[in-house]
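The values are calculated or read from the model by the stated rules, or taken from the named source; none is laboratory data. All values derive from a computational prediction rather than experimental measurement. In this analysis, Cβ positions are derived from the backbone assuming ideal geometry, glycine residues included, and neighbour counts consider all displayed protein chains. Ligands, DNA and RNA are stripped out before the accessible areas are found, and what is left, the full protein with its side chains, is counted by its heavy atoms. Shrake-Rupley method; radii C 1.70, N 1.55, O 1.52, S 1.80 Å.
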Amino acid sequence: MSAVVALEAAPAAGVELALDGDDLALKAASAPPAAVLDALYRHKAEIMVLLRPAEDGWSAEDWQVFFDERAGFVEFDGGLPHAEAEAQTFACCVAEWLHRNPERSPAGHCLGCGDREHAHDPLLPYSTECHGQGGLHSRCWPAWYEARQTKAVSALAVMGISAPVGRK
Ligand SMILES: [Zn+2]
């Protein structure tokens, strides 16, 4: 049972979930099925993330709606095979997450290493659309980009949006 499935199974099993500070509070009139309790316990950290409004204000449900909309658009209007459409849809979600969760660095400092801009080592803008959000040394770009992608993929996974099989 995944975190998302456990979260949906809980109310069906008569379990009310709530955040209690840094803990997960369970309320149930009678003992819930062991499988549900076990899943809630195992995925506690993820479930708490799901219950808490995300930094960008989008819940798991918002992401699912976004994913379904994009998937329908890509698959039907784009006329693509299902697997290809799924991969494109996931890429859209990653781009949207990155856009909604920008990283900022203090002016004149690199987002990657935190070092200053030097005359011989200028900072490249992080995004062509969003000026003033910081930049990176050219050598810091690849590692930073990779880390951002990984962060987006894991944040989306917590929201129930998984990378298509065979991709990361
Ligand atoms: Zn740097």
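Return the pairs, sorted by first residue and then second, in which the second residue is of a type in the set (K, R), the first residue lies in the range 138-161 and is open to solvent by 60 Å² or more (accessible area, probe 1.4 Å), the beta carbons are less than 9 Å apart, and the residues are 6+ apart or on different chains. Partner pairs satisfying both residue conditions: T150/K168. Within the bounds of the range 102-119, is there any residue that is more than 16 Å from the ligand (Cβ to nearest atom), free of Cβ contacts under 8 Å to residues at least 24 places away in the same chain and either open to solvent by 40 Å² or more (accessible area, probe 1.4 Å) or out of contact with any strand residue (DSSP E or B) (no Cβ under 9 Å at 6 or more places or on another chain) (or both)? No, the range 102-119 contains no residue that is more than 16 Å from the ligand (Cβ to nearest atom), free of Cβ contacts under 8 Å to residues at least 24 places away in the same chain and either open to solvent by 40 Å² or more (accessible area, probe 1.4 Å) or out of contact with any strand residue (DSSP E or B) (no Cβ under 9 Å at 6 or more places or on another chain) (or both).
Scanning the range 89-105 for residues that are part of a helix (DSSP H, G or I), more than 12 Å from I161 (Cβ to Cβ) and touching a Lys or Arg at 6+ places or on another chain (Cβ under 8 Å) turns up just one, L98.
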